[in-house]
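Below: one structure, written as structure tokens.
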Amino acid sequence: MSLSHARLLRRGRLLEVGTLGWNVVGLVVLVLAAVGAGSVALAGFGLDSLIEIGASTVVLWELSGVGEERRHRALRLIGIAFVLLAVYLAVQSAAVLITGHHPRPSPLGIYWTAATAVVMFGLAAGKRRTGQQLSNPVLITEGRVTTVDGLLAVAVLVGLALNDLLGWWWADPVSALVIVYYAAREVREIFTSS
């Protein structure tokens, strides 16, 4: 193993540990914000953080040993987590829209999702670059998952802001449906490429 390869592996692990740490803290913040506001979008984004925790753990596991079967298994685990997220959010968003549940404004949710978008886009760029340099499809895929996490933070942020500023309660479950769309897209990508 060359020194350059070892450095790239170390950088990949550090990016995953950073993602893992951010999402562990984020899970707690999002649970508090979701419960406080009664927000399906924040709850869904919290579940997405849980999936990102799982994905980072899977990638850390995969980076500890290279093998084609191990890579396929890691990608399938990430894909299955996204399937579960999409199903949960589709059902929950539909229920909220049908019942007309009005979430309360969430300044905590707004601040956290704004910060998360910035952090996730930075981590995603690092993972993509490192994954390409290592020729590691799992790290590259997890970099896409992290990009999606940043996009979802923006979608949730918009929904929360519209609810807070204009009273558009329906923007919250609609922003959760954006997560469903991206989760389904990632599932298709993961299972067709692995």
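Determine whether the range 115-128 contains at least one residue that is under 16 Å from residue 34 (Cβ atoms), β-branched (Val, Ile, Thr) and either modelled with pLDDT of 95 or more or in contact with a strand residue (DSSP E or B) (Cβ under 9 Å, 6 or more places away or on another chain) (or both).
Applying the first criterion (under 16 Å from residue 34 (Cβ atoms)) to the range 115-128 yields 116.
Filter once more, keeping what is β-branched (Val, Ile, Thr): 116.
In the following step, the residues that additionally are either modelled with pLDDT of 95 or more or in contact with a strand residue (DSSP E or B) (Cβ under 9 Å, 6 or more places away or on another chain) (or both) were identified as 116.
Scanning the range 115-128 turns up at least one residue that is under 16 Å from residue 34 (Cβ atoms), β-branched (Val, Ile, Thr) and either modelled with pLDDT of 95 or more or in contact with a strand residue (DSSP E or B) (Cβ under 9 Å, 6 or more places away or on another chain) (or both).
On the stretch given as the range 160-171, residues that are touching a residue at least 24 places away in the same chain (Cβ under 8 Å) and on the phi > 0 side of the Ramachandran plot total 0. Return a yes/no flag: does the range 22-44 have any residue that is more than 22 Å from residue 163 (Cα to Cα) and crowded, with 16+ Cβ neighbours inside 10 Å. Looking through the range 22-44, at least one residue is more than 22 Å from residue 163 (Cα to Cα) and crowded, with 16+ Cβ neighbours inside 10 Å.
Of all positions in the range 85-102, at least one carries a residue that is surrounded by fewer than 21 Cβ atoms within 10 Å (Cβ to Cβ), at pLDDT below 90, closer than 25 Å to residue 26 by Cα and among the polar types (S, T, N, Q). The residue list 113, 99, 147 contains one member that is among the hydroxyl-bearing types (Ser, Thr, Tyr) and touching a Lys or Arg at 6+ places or on another chain (Cβ under 9 Å), which is 147. Scanning the range 172-194 for residues that are more than 20 Å from residue 50 (Cβ to Cβ) and free of Cβ contacts under 8 Å to residues at least 40 places away in the same chain, we see that the one that is least open to solvent (accessible area, probe 1.4 Å) is 192.
The values are calculated or read from the model by the stated rules, or taken from the named source; none is laboratory data. Quantities reported herein were computed from a predicted structural model and do not represent experimental measurements. Positions of Cβ are backbone-derived with ideal geometry, glycine not excepted, and every protein chain shown enters the neighbour counts. Ligands, DNA and RNA are excluded from the accessible area calculation, which covers all protein heavy atoms including side chains. Shrake-Rupley method; radii C 1.70, N 1.55, O 1.52, S 1.80 Å.
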